[in-house]
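So the structure is just underneath, and the comments pick up after that.
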Amino acid sequence: MRFSLFNLLQQGLAGNKGWPSQWRTPEPKKSYDAIIIGAGGHGLATAYYMAKEHGMRNIAVLEKGWLGGGNTGRNTTIIRSNYLWEESEGLYNHALNLWEGLSQELNYNVMYSPRGVMMLAHNIHDIQVFKRHVHANRLAGIDNEWLTPEQAKAFCPLLSIDPAMRYPILGAALQRRGGTARHDAVAWGYARKASAMGVDILQNCEVIGILRGVDGAVTGVETNRGQIATKKIGVVAAGHTSVLMSMAGVRMPLESYPLQALVSEPIKPIMPCVVMSNTIHAYMSQSDKGELVIGAGTDAYTSYSQTGGLHISAHTLDAICELFPTVRRMRMLRNWGGIVDVTPDRSPIIGKTPVPGLFVNCGWGTGGFKATPGSGHVFAHTVATGEPHKINAGFLLDRFRTGRLIDEAAAAAVAH
């Protein structure tokens, strides 16, 4: 059935009511070949690639709220692959390669815009760290280059390089292939394609228990709409992974924090790229609607709050006004907090768990959105075949037992 954009908006696609009623939440079947818990970008991408590449059509994606209403709709939309370690380079560059053709793949405009991501250096340590990233990336065939302050100013004229600043800009690392996309469009695009292949997307269907047989393997889930049988469960629920995994008796090495961001009132285009700063902990881009999208840091305490502390946003805005003096008189339109799962090594977990039939994809911290297509692609392979894809073979849960960690703690270019 076809819908006009007006009808989609009128029936709640852009708001918190999910899909139009003709598309929304079919009645659950009694049994599925696989269940994905979480209808965000990663979960829907997983279902899509399972259907497309592994021929699994009897799949359900369960979502306690509405499609794309979690972190997919609460992020700053940045896409890049300039991470440090080889495992991360492979995973994020795989995602970036998929981003470049995703609108054509899904026949849905995800508004991918390779406008460039620039990371500022303010001291000798920054210079050394970012030059190390540049060299590591170029050895791996990933684009990244070093800019002088004058070159950074030429690439982003809005940027101040006044040497009298508290944190003067001494240079910058630039990934030209990086950029932004429309946050929730990727969820809608994957959902539409997966649904067309026969995948059931069950909104307002909260998982309240994971069922196991006498051998310990999963046998299904208990939901607020009844029991559903399955032999494979993939958990992709940012911010709530530990709660869900505890239902199966699995303890995860995760902490959950509110990660804050805000947008300004909309204005005409002035910001040509994404600019990030670790030292003064702020980053900014501009959305297609004209809002300046400003990222802040995480709260210092674990929490499931989606509001965050105003003092963190105030600190970030101080930094933004120093970097971009032109925006000082602009007004904040809204701010929010998304819940991120963070592992001890700040790298994701993608793989099997000790419970047969139970798989997990979590711990992305600030890297979740940019990894969406790549994460879904490799997790689909893992759930469908029972074994990791070669790209996510380094991100298994057992690395926390063996101590073979992937320490990307500083690779976010903001200190979280």
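On the beta carbon distance between HIS125 and GLU27, with R0 = 51 Å, the FRET formula returns roughly 0.35.
I need the peptides 380-393, 87-100 ranked by packing, meaning the mean over residues of other C-beta atoms within 10 angstrom, with the highest value on top.
On the way: 380-393: 18.9, 87-100: 21.9.
Put in order of decreasing packing, that is 87-100, 380-393.
Quick one: of LYS29/LYS370; LYS231/LYS352; LYS52/LYS390; LYS29/LYS64; LYS52/LYS231; LYS232/LYS352, which pairs are farther than 22 Å apart, Cα to Cα? Let's see the in-between values first.
Numbers: LYS29/LYS370 33 Å; LYS231/LYS352 13 Å; LYS52/LYS390 19 Å; LYS29/LYS64 17 Å; LYS52/LYS231 20 Å; LYS232/LYS352 11 Å.
Over 22 Å Cα-Cα: LYS29/LYS370.
Solvent-accessible area per residue for the range 97-256 at a 1.4 Å probe radius, Å²?
The answer is 44 Å² per residue.
The long axis of helix 124-139 is offset from the longest Cα principal axis of the chain by roughly 50 degrees. Each of the peptides 150-157, 371-378 was scored by the mean count of other Cβ atoms within 10 Å over its residues; in descending order, highest first, they stand as 371-378, 150-157.
Once you charge only the Cβ atoms, +1 for Lys and Arg and -1 for Asp and Glu, what is the size of the charge dipole of the range 39-192 about its Cα centre, to the nearest 20 debye?
Details: 15 positive and 13 negative charges, 55 e Å.
The dipole of the range 39-192 has a size of about 260 debye.
Taking all protein chains as present, what is the carbon and sulfur share of the accessible area of the chain, in % to the nearest whole number, probe 1.4 Å?
Numbers: 9140 of 17310 Å².
Carbon with sulfur: 53 percent of the solvent-accessible area.
Could you pull out which residues in the range 309-332 have an amide N less than 13 Å from a spot 7 Å beyond the Cα of TYR167, following the Cα-Cβ vector? Those under the cut-off are 315-324.
Please compute the net charge surrounding ARG177, taking Lys and Arg as +1 and Asp and Glu as -1 over other residues with Cβ under 9 Å from its Cβ.
Details: positive: ARG80, ARG176; negative: GLU100, ASP143.
Summing Lys/Arg as +1 and Asp/Glu as -1 gives 0.
The values are calculated or read from the model by the stated rules, or taken from the named source; none is laboratory data. Predicted model, so just to flag it, every value in this text is computed and none were measured. As a convention, Cβ positions derive from the backbone with ideal geometry for all residues, glycine included, and neighbour counts pool all protein chains shown. Side chains are part of the model used for accessible areas, which takes the heavy atoms of the whole protein and leaves out ligands, DNA and RNA. Shrake-Rupley method; radii C 1.70, N 1.55, O 1.52, S 1.80 Å.
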